[in-house]
Structure formats: C-alpha cells, structure tokens
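The values are calculated or read from the model by the stated rules, or taken from the named source; none is laboratory data. Computed from a prediction, not measured in an experiment: that's the story for all the values here. Heads up, the Cβs are rebuilt from the backbone with ideal geometry, glycines too, and the neighbour counts pull from every protein chain shown. Note: areas computed on protein heavy atoms with side chains; ligands, DNA, RNA excluded. Shrake-Rupley method; radii C 1.70, N 1.55, O 1.52, S 1.80 Å.
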2 protein chains.
Amino acid sequence: MVEDVNLSTVTILGAGVIGTSIALALRRNGIGVRLSDPDSAARQRALALEAGTVLSPADPPADVVVVACPPSAVVAALAGAMRAGLGTVYTDVASAKERIVAEAAAAGLDMSRYVPGHPVAAGDIAAPAAVDAEMFAGRPWFLCASTESAPAAVDAAAALATACGARVQRVTPKAHDRHMAGVSHVPRLIGAALAARFADVDGERFPVRGSRFHTTLADAAAAPALWGDTLEHNADHVADELDWIVRELSVVADALRGTEANPVPELEGLLARGRLGHDRVVRHGRARSPRGDGVPGPEDEWFWTW
Amino acid sequence: MVEDVNLSTVTILGAGVIGTSIALALRRNGIGVRLSDPDSAARQRALALEAGTVLSPADPPADVVVVACPPSAVVAALAGAMRAGLGTVYTDVASAKERIVAEAAAAGLDMSRYVPGHPVAAGDIAAPAAVDAEMFAGRPWFLCASTESAPAAVDAAAALATACGARVQRVTPKAHDRHMAGVSHVPRLIGAALAARFADVDGERFPVRGSRFHTTLADAAAAPALWGDTLEHNADHVADELDWIVRELSVVADALRGTEANPVPELEGLLARGRLGHDRVVRHGRARSPRGDGVPGPEDEWFWTW
C-alpha cells in the first residue's frame with residue numbers, strides 16, 4: 001500500500017536516542033534527514049554520527065516531520081511545526097497516545113496530516129550510547145490513524161516505519177494506551193518499586209548474579225523525568241492496571257497471613273491463572289523459537305489478547 | 001576448608017529436575033550416586049540419563065543424603081532417611097528454609113547432621129527437559145548451618161555444592177527466606193498476576209515479540225503446585241514483601257487518579273528511588289560486564305544489601 005509514497009526527506013524534531021536512531025535508519029535507506037534540537041549537545045552528538053544535517057529555515061517542506069520529544073512537549077512541537085510549514089505529513093513517537101491525540105484535536109491542529117505514532121524500541125533508551133540504526137528492526141511501530149487521517153498521510157507514516165525496518169501495527173489510541181499500560185508502563189513501575197526496596201536499606205550481602213531478578217530491576221534504570229511524563233500521559237490506564245495488580249497481590253497477602261484457612265489453594269489458583277495467561281501470550285513464539293527455550297527468535301510472532 | 005572431606009557416595013531422594021541435575025553434576029566428578037523416587041517415571045528418566053543407580057536397602061550409608069523434594073515433604077523425608085540410616089550427613093534443596101528448620105528441630109531430628117541447603121538454579125525447572133549438569137555452575141548455593149551443625153557436616157554439604165560447581169554462601173534461615181521473598185518469590189507472584197490478566201480476556205491482538213515483558217511473564221510458567229508449596233513455606237516474608245509493593249503501587253495509583261495534585265513528583269520520586277536501588281544492586285556487575293551493557297557475564301559478582 002505504501003509503494004507509491006515519496007519519502008525523500010524527513011525532518012526530525014528532537015535529537016535524542018529515538019530521534020537519532022530513526023535518523024540513522026532512514027539515512028541507510030538514502031533518505032535525506034534534517035534534525036533540530038534546542039539542546040546543542042544532542043545536536044552535536046547526532047551530527048557526529050552523521051545522522052543528518054541541521055534543519056535550516058531555508059529548507060523546503062519535508063515529506064514527513066517526526067516529533068521525537070517527550071509526551072508533554074509533543075502537541076506544542078506539532079503546532080509549531082505545522083505553523084512553520086515544516087512538512088507535508090506529521091507523526092510523533094510518544095509511548096502514550098490518547099491524551100496527545102485529544103489535545104492536538106482540541107488545539108485545532110490539522111488531524112488529516114497528523115498520524116500519531118509509537119515505534120516500540122528494543123532495549124533501554126536511557127543513555128545516548130543506546131542510539132542504534134537497528135533499534136526498530138522487526139519491532140512493532142504503532143500508528144493510531146483515525147477516520148480523519150488522510151490515506152496518503154497514513155501511507156507516508158507507514159513508509160517511514162517500514163524504512164526503519166519496523167512492522168506497522170494499526171490501532172486506536174485507547175487500545176494502544178491500555179496495551180502499553182499492561183505490558184510496559186506498569187511492569188516498569190513494579191520494577192521501580194522492587195528496586196526501591198534496595199535504595200535505603202543496608203546489611204547483609206548476597207550474590208544474585210545472573211538471576212531473572214536483574215531483568216526485573218533493569219526496568220528501574222529508566223530516566224525518571226521521561227518516564228514520569230510518559231506515565232502521567234497514560235494515567236487512567238496505568239491506574240486501572242495498578243488497581244488490578246494491587247487487588248491480586250492483596251488477596252494473596254491476606255491468604256498468606258490467614259491463620260485459619262490454608263493459603264495454598266489461593267496461591268495455586270493465581271499461579272495456575274498466571275500459567276494459563278502466559279501460555280496464551282507466548283504459545284505462538286514458543287513453538288517456533290529457534291533456541292527451543294521459549295526465548296523469541298527474530299522471526300517469531302508474539303501476541304497477546306485483550 | 002573442605003579439602004579433607006570424603007565425598008565418595010551421595011544418595012539423592014527425589015529424581016526431579018533438581019535432584020537429577022545434582023546427580024549428573026556429581027557423576028561428572030566421579031562421585032557415586034544412588035537415587036530414590038516413588039515416581040517410577042521420574043526414576044526411569046534419571047536412569048536413562050545415567051544419573052546414578054537405584055537406591056537399594058543393601059547399600060551402605062552414603063556420605064551425604066540430599067532430600068530433593070518439595071518443601072512440605074522435606075521434614076518427613078529427612079526423618080525417614082535418618083531412621084533408616086541412609087547416610088552420614090543430610091541436606092535438602094528447598095527454596096524456603098525457616099519453617100523446615102523449625103519443624104525438623106521440633107520433630108527431634110539430629111540437627112548436628114542436617115545442614116539445610118538451597119541450590120539456586122539458573123533458569124526454569126518446571127519441565128523434565130530442564131535437567132542439566134551445569135544447572136548450578138557458578139551459582140549461589142545457600143547453606144543454613146547453625147551452631148548445632150557439626151563442622152564436618154557443614155564441610156560435607158559444602159563439598160557437595162562445590163562438586164556441582166556452585167559457590168557456597170552461608171546464611172541464616174531467616175535472612176535466606178527474606179532474601180528469596182524479595183528477589184524470587186514475590187517477583188514470581190507478580191509475574192503470575194501480570195500474566196493472569198491474559199487468562200480470561202479476549203480481543204485485539206498485538207505483537208509484543210522480543211519485549212522485556214516476556215521475561216516478566218516467564219515467571220508465570222512455573223508449576224503451580226510446587227510454587228504454591230514453596231510460597232506457603234515462606235508465608236510471612238512473602239506477605240511482608242507483598243505489603244511493601246502494594247503500598248508503593250497504591251500510592252502511585254492514587255496519585256495518578258488525583259484530580260487536584262500533579263502526579264508527576266510522586267511518579268518521579270518512585271522512579272528515582274528505583275534507579276538508586278537498581279544502581280546499588282547492579283553496580284558491581286555493570287562495571288565489569290564483558291558485554292559492557294549491564295548484562296552479567298559469567299565472572300561478574302552481583303550483590304544486594306538488606
């Protein structure tokens with residue numbers, strides 16, 4: 001569907017890890033990239049990586065403008081870019097979409113030319129060293145197009161994602177945000193809470209190297225400011241998911257403290273439901289995992305249902 | 001300290017994944033292994049792997065008897081093995097220790113010859129295919145010896161762990177159980193709760209392959225019966241840790257739902273404490289990671305403090 005799209009020039013507003021990684025992926029495909037960032041250090045890092053040229057007022061409109069800044073800055077950046085006529089089609093990369101879409105519409109932006117996007121990066125994006133042209137290869141790239149979106153604009157945004165090696169996934173802002181709350185935002189908060197246990201205690205030391213717990217803790221290494229902003233942009237869905245987890249864990253804690261009833265049926269019940277849910281989510285990938293151990297290989301499909 | 005220990009024969013009661021993996025590791029070191037399991041299928045699997053011979057009433061006492069069965073069966077198995085005079089020194093592998101030690105003492109077992117143990121297996125142990133002679137290589141093997149333990153018994157248990165390639169870590173039952181509640185038992189329950197969300201819902205499907213969320217979900221693939229038993233054996237510490245997490249997550253959920261106050265400071269506060277805790281736990285390993293990405297290499301030490 002995107003074969004006829006002309007994607008020759010892309011302007012990226014925000015030379016952080018995501019913006020610069022997109023730039024490098026596009027440059028590999030011979031697409032011209034212009035970058036803008038108020039932070040001169042970020043600009044210099046991107047230029048040193050040959051991620052593109054600095055956006056100049058004399059540049060003609062780009063085919064696509066990517067707003068690659070934190071969620072709370074997206075709508076103002078979109079509005080400014082549209083006013084300045086920086087491009088034909090506009091998209092962004094924020095990992096929470098519902099509120100941004102509502103605020104963009106309320107601000108009177110041209111919704112036919114704005115295709116809300118979310119490339120799902122592999123791995124950590126907290127440090128500048130994480131910049132990687134392969135960051136989106138084979139990964140989902142959500143597009144929250146609506147009936148207001150011009151088909152040509154959706155095609156252009158999809159062509160951008162495809163040029164980065166990603167797989168386009170169309171979804172509503174609400175379904176997107178509920179999904180991200182469950183699989184990313186709440187697990188990150190839980191990782192932070194588990195890690196916070198070690199922030200202000202001291203005492204005996206134990207080796208825990210190589211344990212799964214470190215993967216859980218890795219979620220706690222995120223940049224607090226960026227994630228605070230993101231979570232606040234997905235407040236309702238994150239709160240709903242937190243309520244769910246709190247209820248489940250409270251029931252188990254009560255059962256464990258119960259002096260009369262045997263807690264084992266309650267524990268086994270949760271664990272059995274967990275295993276059922278796990279099997280529903282990973283069965284597609286497990287069967288075809290090249291390593292045979294349930295770890296997804298590059299060609300495995302992974303799904304979850306809601 | 002264990003150089004003078006004679007470890008020629010070991011009897012293993014329980015031919016599950018842990019028991020059979022220990023057997024294979026010992027056999028590699030030329031140690032004679034006898035196995036017993038009421039489940040003939042488990043016995044046959046172990047024999048097919050040449051993990052040892054079937055324990056016979058005519059066998060002389062082993063240097064060490066390893067009780068490798070679920071937590072709730074440990075004390076009865078120990079008592080029976082001691083009555084039958086199966087060995088000189090006794091140990092077990094349960095991942096919760098405090099209650100087993102208390103019940104063993106209350107049952108009048110000879111605590112000078114019982115050294116409570118917990119080899120921390122790498123990876124999943126739910127399926128028979130997980131049997132692996134390398135399961136304990138370089139991993140912690142907790143020994144909960146007390147002042148009642150005979151030094152020669154502790155040396156023998158340590159020699160067994162060392163023969164499996166593990167690193168012996170002496171610790172009290174209470175510190176052990178608190179540690180396991182925080183880094184293993186509660187994360188497993190949380191994984192089960194997150195996965196349970198997908199057990200009985202249906203609807204839109206999204207790709208999530210290759211995401212960290214699958215590592216979280218992997219905790220939900222555990223055998224419900226074994227883990228129900230284990231968690232119930234660590235009820236107090238697990239409930240304490242659950243209370244902590246529930247409090248942390250409830251504060252965040254309330255902040256996100258708050259209509260007056262800005263939730264961002266609360267979110268950033270938890271995330272910042274999480275990052276601090278993360279850095280305290282992983283700093284030792286991160287600096288020396290051969291991959292330079294914070295992923296522990298085989299020679300990295302990982303610690304946490306309490």
**Message:** Testing B:ALA159 on (1) open to solvent by 30 Å² or more (accessible area, probe 1.4 Å); (2) modelled with pLDDT of 95 or more; (3) among the small types (Gly, Ala, Ser), one condition comes back false. Which one is that?
**Reply:** (1)
**Message:** Filter the range A:154-181 down to the residues that are within 10 Å of chain B (Cβ to nearest Cβ) and more than 16 Å from A:ALA94 (Cα to Cα) and list them by number.
**Reply:** A:ARG167
**Message:** On the basis of being assigned to a helix (DSSP H, G or I), of a type in the set (D, E, K, R) and at the interface with chain B (Cβ under 7 Å from one of its Cβ atoms), does A:GLU248 make the cut?
**Reply:** yes
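For the range A:270-292: of the residues being at the interface with chain B (Cβ under 8 Å from one of its Cβ atoms) and open to solvent by 10 Å² or more (accessible area, probe 1.4 Å), which is modelled with the lowest pLDDT? So that I can check it myself, show each step before the final result.
Initially, the range A:270-292 is screened for residues at the interface with chain B (Cβ under 8 Å from one of its Cβ atoms), giving A:270-282, A:285.
Now drop any that are not open to solvent by 10 Å² or more (accessible area, probe 1.4 Å), which leaves A:272-273, A:275-276, A:279-280.
Values: A:ALA272: 92, A:ARG273: 91, A:ARG275: 88, A:LEU276: 86, A:ASP279: 78, A:ARG280: 75.
The extreme case among them is A:ARG280.
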**Item:** Every residue from the range B:125-176 that is under 16 Å from B:VAL10 (Cβ atoms), in contact (Cβ under 8 Å) with a residue 60 or more places away in the chain and part of a loop (DSSP other than H, G, I, E, B)
**Value:** B:ALA133, B:MET135, B:PHE136, B:CYS164, B:GLY165
**Message:** Go through (1) surrounded by fewer than 24 Cβ atoms within 10 Å (Cβ to Cβ); (2) assigned to a loop (DSSP other than H, G, I, E, B) for B:LEU24 and report which single condition fails.
**Reply:** (2)
